[in-house]
Amino acid sequence: MKKKILSAVLALSLSFASASCGKKSESGADKNTVKIAYLPITHSLALLEEAEELEKESGLKVELVKYGSWNELLDALNSNRVDGASVLIELAMKSKQEGIGIKAVALGHHDGNVIIAANDIGSAADMKGKTFAIPHRQSSHNILLNDALATAGLTIADINVTELAPTEMPSALASGQIDGYCVAEPFGAMGVDLGVGKVLFTSEALWKDSVCCGLVLTDKFIDERREDAREFVESYKKAGNALDKEKAKETAKKYFTQSDDVLDISLQWISYNDLDITEEEYAALVDRVKQYGLSDEPPAYSDFVKNDL
């Protein structure tokens, strides 16, 4: 079992570590290209699917710039080294709050997160005093952990929370370093496939139509290339609508190193259709962001979300 875990984690770590850039570097400027940052997770599949189709249809090339961590991706986005990103929406909200010129133009997906717990944890009440990992404080994974605890009358103060890189979480659970985790897919599915943990909650059970990742574009790109921005977002949403489970798996296998079993598990929990960010969905997100202390003043929907390119 230990050998299987180490092999699987190594494969995923290599997937995260290797950079995947297009024909130009971050500093390049190509008016026929839109450069979008992403992490190699199933939450970014609508973007990956679109990248293959848009150039065929219109000649506008999507240059995918792959990063190994949210902090690296955010630095590129906030400094205009890329035109946009598929990113944790809470991180984008925080950047907007701090004065960075970005707009959220679509969701990344619907649902698609799980809370994985050690096999001896049977309920939310059993989480008390345990150690759970999240990838970043500014994340829906943090929110979902709070939501799960609330079902048993607990708060985040009743557990130990640590931030870990997604690739480290399954092995940390296997070694007993942590008792569970909530993170972007496919790392939850990986823990299940390896047998080191089980699904304690799906995001849908805690927060239906939860908002997690979003597609954001820089104000600079929108202002200077509005028609390209409009075409890109329309194509992105179309790609999401086309991603049924079979197509999503086919796309994932082109970009990721996960096994069929891991992808089959992971893709049970996620959907990519109807990726507009509605005011109702955003209001539910803002309520949780405030309730759980992620931000006291998240950006208003009208300032942050742009549905009318």
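The values are calculated or read from the model by the stated rules, or taken from the named source; none is laboratory data. Worth saying up front: this structure is predicted, and the values here are computed from it rather than measured. FYI the Cβ positions are ideal-geometry reconstructions off the backbone, even for glycines, and counts take in every protein chain you see.
The set of residues in the range 146-166 being out of contact with any strand residue (DSSP E or B) (no Cβ under 7 Å at 6 or more places or on another chain) and in a helix (DSSP H, G or I) consists of 146, 147, 149, 150, 156, 157, 158. For the range 107-122, filtering for residues that are touching a residue at least 40 places away in the same chain (Cβ under 8 Å), farther than 23 Å from residue 278 by Cα and in a loop (DSSP other than H, G, I, E, B) leaves 3. Pull up the range 191-205, narrow it to residues that are of a type in the set (A, V, I, L, M) and buried (at least 17 other Cβ atoms within 10 Å of the Cβ), then point me to the one that is farthest from residue 116 (Cα to Cα). For the range 191-205, the residue satisfying everything is 194.
Anything in the range 18-51 that is of a type outside the set (D, E, K, R), exposed (fewer than 13 other Cβ atoms within 10 Å of the Cβ) and modelled with pLDDT under 80? List them, or say none.
Once the filter is applied, which keeps residues that are of a type outside the set (D, E, K, R), exposed (fewer than 13 other Cβ atoms within 10 Å of the Cβ) and modelled with pLDDT under 80, the range 18-51 yields 18, 19, 25, 27, 29.
Taking the range 73-100 as the range and being more than 24 Å from residue 42 (Cα to Cα) and of a type outside the set (A, V, I, L, M, F, W, C) as the test, the residues that pass are 79, 80, 96, 97, 98, 99.
Scanning the range 122-145 for residues that are surrounded by 20 or more Cβ atoms within 10 Å (Cβ to Cβ) and either over 15 Å from residue 187 (Cβ atoms) or out of contact with any helix residue (DSSP H, G or I) (no Cβ under 8 Å at 6 or more places or on another chain) (or both) yields 124, 127, 138, 141, 142, 143. Residues that are loosely packed, with under 15 Cβ neighbours inside 10 Å, out of contact with any Phe, Trp or Tyr (no Cβ under 8 Å at 6 or more places or on another chain), at pLDDT 95 or above and among the small types (Gly, Ala, Ser) are absent from the range 52-64 altogether. Within the range 123-145, being within 18 Å of residue 213 (Cα to Cα) and in a helix (DSSP H, G or I) holds for 140, 141, 142, 143, 144, 145. Screening the candidates 305, 233 for the property of being more than 23 Å from residue 65 (Cβ to Cβ), crowded, with 18+ Cβ neighbours inside 10 Å and under 18 Å from the mean Cα position of the chain (by Cα) yields one hit, 305. Within the range 75-84, not a single residue is in a strand (DSSP E or B), more than 16 Å from the chain's Cα centre (by Cα), closer than 21 Å to residue 226 by Cα and not aromatic (Phe, Trp, Tyr). Selection of the range 83-106 for residues being over 11 Å from residue 215 (Cα atoms), aliphatic (A, V, I, L, M) and touching a residue at least 60 places away in the same chain (Cβ under 8 Å) yields only 93.
Residues in the range 146-167 that are hydroxyl-bearing (Ser, Thr, Tyr) and surrounded by fewer than 19 Cβ atoms within 10 Å (Cβ to Cβ): 151, 155, 162. Test residue 274 against the criterion of being over 14 Å from residue 106 (Cβ atoms) and either of a type in the set (Phe, Trp, Tyr) or out of contact with any Asp or Glu (no Cβ under 9 Å at 6 or more places or on another chain) (or both), and give yes or no. Considered against the rule, which asks whether it is over 14 Å from residue 106 (Cβ atoms) and either of a type in the set (Phe, Trp, Tyr) or out of contact with any Asp or Glu (no Cβ under 9 Å at 6 or more places or on another chain) (or both), residue 274 comes out as no.
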